[in-house]
1. Considering every residue within the stretch 178-188, establish whether at least one is part of a helix (DSSP H, G or I) and out of contact with any helix residue (DSSP H, G or I) (no Cβ under 8 Å at 6 or more places or on another chain).
2. Can residue 248 be described as crowded, with 22+ Cβ neighbours inside 10 Å, part of a helix (DSSP H, G or I) and among the polar types (S, T, N, Q)?
3. Pairs needed: first member in the stretch 244-266, within 14 Å of residue 379 (Cα to Cα) and in contact (Cβ under 8 Å) with a residue 60 or more places away in the chain; second member anywhere, among the polar types (S, T, N, Q) and surrounded by 24 or more Cβ atoms within 10 Å (Cβ to Cβ); C-beta distance under 6 Å; at least 6 residues apart or different chains.
4. Working only within the stretch 162-198, note down all residues that are farther than 17 Å from residue 255 by Cα and of a type in the set (A, V, I, L, M, F, W, C).
5. Looking at the stretch 253-265, which of its residues are surrounded by 21 or more Cβ atoms within 10 Å (Cβ to Cβ) and either outside any helix (DSSP H, G or I) or not hydrophobic (A, V, I, L, M, F, W, C) (or both)?
6. Considering 123, 172, which residue is assigned to a loop (DSSP other than H, G, I, E, B) and either at negative phi or open to solvent by 10 Å² or more (accessible area, probe 1.4 Å) (or both)?
7. Report yes if residue 141 is open to solvent by 40 Å² or more (accessible area, probe 1.4 Å) and touching a residue at least 60 places away in the same chain (Cβ under 8 Å), otherwise no.
Amino acid sequence: MITIRSVTITALASAVLATTLTGCQFGAAEQDTSPIVIAVDLELSGSAAPVGKAYQRALELKVEQLNASGALGARKIELKVKDNRSDAGESLRNVDDFSKDSRVSALIMGGCNECAVRAVRTINEKKLPTIALAPSSAIASPVADRRYVFKLAPNALDSAAALTGELRRLRIKKAAVLNSEDSYGQEGLAALRSEFSKADIRLVSDQEIKATETDVSEPVSALVDRKPGALVVWTPPEQARLAAAAAQQAKFKGALFFDAMAAEDLFLGASAQSAEKATLIFTQTMVIDDVIATTPAKAARRQWFQNYTARFGGYNGFSSFAADAVQLIADAELRAGGEPGRAGRDGLRDVLETSQMDGLSGPIRMTPDNHSGLMPQALTTLVARGGRWRLAS
């Protein structure tokens, strides 16, 4: 198996062009013009719609860029999008429908943990290569039971390790945790317990809330009453904003920390005052305008940031994961060299399993033993200053 390495769009386009010219000169088969059809299951309505729509914008922008670049030769990517209404049952029906469409080469799923976990059996039975953008480790592990499922999102263990490292640097010895009751929230709490124990940080209290909770003042007050040096919020974005406001109202004087899944827009809007000086563990692309583009990968991230911002008037942190998912599938299609649709799915899966790329989100490495591709090095520390996220200095 040939290991896939990161390539620029220009280099990839040149390689495709060279192959085409050689084929013409020696009478080889005509250039492939079949579409690369990527099915997409997203939360476009319901409680998770804001993140789902951010993914959709990113997918459409990335596909537009790839199709215009010539990197795919005569082929074009087509997206086939369905709304799962933030409901795992509806998502499973979408996945089943996609799997029966012989034109579909691969599937991208959104940020719903339960949706992706419940779909694993169908995905494997139908042999549909899938990249999920949700963070739960149960989506891609154990690999033996999830051969066709891959994940692109920060891992709880990596996020907890980075967050704990920052607490240690600040010499904070007591922390409290507010986490969502879903699988990723529980996974995060377990990871924090383990990392805190290694760092001799005492977990003074933890509170669990529903991902749809609209009033978190009571659990936050209970945590603040324990006088922790840091309050760690491990929830989706909406609850993170509510928690920041509740902590301010409770006159919390300690440090406020957010896990990666609390990320959302670059500018904090109405949450700016309550989140000021808060720390977020996330990818560098969120603040790439603060970074000097010293490598091709950083230059590509900066260009993506600028293109997304110019098109949509702001930047959403989750967008890079969706764009990287499209890039991985496009690269794998070209490297696999198989027919589109059902006949090519096994070849596509095999290539995805050894994919390596310096993506927009950071370094991505898939292996036969690890289908969760985002590397720990992709995560960094951001700080809320002046109403937006900045790179911590």
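1. Start the filter on the stretch 178-188 by keeping residues that are part of a helix (DSSP H, G or I), which leaves 183-188.
Subset that is out of contact with any helix residue (DSSP H, G or I) (no Cβ under 8 Å at 6 or more places or on another chain): 185-186.
Looking through the stretch 178-188, at least one residue is part of a helix (DSSP H, G or I) and out of contact with any helix residue (DSSP H, G or I) (no Cβ under 8 Å at 6 or more places or on another chain).
2. Details: crowded, with 22+ Cβ neighbours inside 10 Å: no; part of a helix (DSSP H, G or I): yes; among the polar types (S, T, N, Q): yes.
Taking the combined requirement at face value, the residue does not satisfy it.
3. 259/159; 260/159
4. Of the residues in the stretch 162-198, the ones farther than 17 Å from residue 255 by Cα are 180-191, 193-195, 197-198.
Answer for the stretch 162-198, where residues must be farther than 17 Å from residue 255 by Cα and of a type in the set (A, V, I, L, M, F, W, C): 189, 190, 191.
5. 256, 257, 258, 259, 263, 264
6. On the way: 123 fails: assigned to a loop (DSSP other than H, G, I, E, B).
Every option except 172 fails the conditions.
7. Numbers: open to solvent by 40 Å² or more (accessible area, probe 1.4 Å): yes; touching a residue at least 60 places away in the same chain (Cβ under 8 Å): yes.
Considered against the rule, which asks whether it is open to solvent by 40 Å² or more (accessible area, probe 1.4 Å) and touching a residue at least 60 places away in the same chain (Cβ under 8 Å), residue 141 comes out as yes.
Every residue, every condition in (1) of a type in the set (Asp, Glu); (2) in contact with an Asp or Glu (Cβ under 9 Å, 6 or more places away or on another chain), yes or no:
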site: 160; (1), (2): no, yes
site: 163; (1), (2): no, yes
site: 186; (1), (2): no, yes
site: 195; (1), (2): yes, no
site: 211; (1), (2): no, yes
site: 224; (1), (2): no, no
site: 237; (1), (2): no, yes
site: 251; (1), (2): no, no
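The values are calculated or read from the model by the stated rules, or taken from the named source; none is laboratory data. Predicted model only: the values in this text are computed from it and were never measured. So basically every Cβ, Gly included, is an ideal-geometry build from the backbone, and we count neighbours across all protein chains shown. All accessible areas refer to the heavy atoms of the entire protein, side chains included, with ligands and DNA or RNA removed. Shrake-Rupley method; radii C 1.70, N 1.55, O 1.52, S 1.80 Å.
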